[in-house]
Amino acid sequence: MTGRKNWMFADTPDGANASALVYSLVETAKANNVDVYYYLKYLLLKTPTSQTSDEELEKLCPWNPECKEALEDLHRQHQKEIFDAM
C-alpha cells in the first residue's frame, strides 16, 4: 500500500496535501489498469490549471476512452524512440 508510513515524513500541511494528490493519481491510474508512468507524463504534458473546465478535466481521467487512447499513443511513441535509438 502506497503511503502508509510515508505520511510521517510530510513536513507541512501543504506537503501532505501534495503527497495525497500524487498518491491519489497513482492509485486511480492503477485501479483503471493504466500505466502510471504514461498517465503522469500525460498529465504533465496537459498541465491542467484552475481555469480548466470540468469537461476538460473529465477528458484527463484515466477511465476516459480519449485519455486511454492518448496514453497508448504516448506508449507507442516512446517505443518508437527506443527502437530508433538502437
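When the residues of the stretch 1-29 are narrowed to those that are at pLDDT 80 or above and of a type in the set (Asp, Glu), which ends up least open to solvent (accessible area, probe 1.4 Å)? Here the residue is Glu27. Screening Val34 on (1) at pLDDT 90 or above; (2) in a helix (DSSP H, G or I); (3) among the aliphatic types (A, V, I, L, M); (4) under 15 Å from the mean Cα position of the chain (by Cα) shows it passes everything except condition (2).
The values are calculated or read from the model by the stated rules, or taken from the named source; none is laboratory data. Since the model is a prediction, treat every value here as computed from it, not as a measurement. Side chains are part of the model used for accessible areas, which takes the heavy atoms of the whole protein and leaves out ligands, DNA and RNA. Shrake-Rupley method; radii C 1.70, N 1.55, O 1.52, S 1.80 Å.
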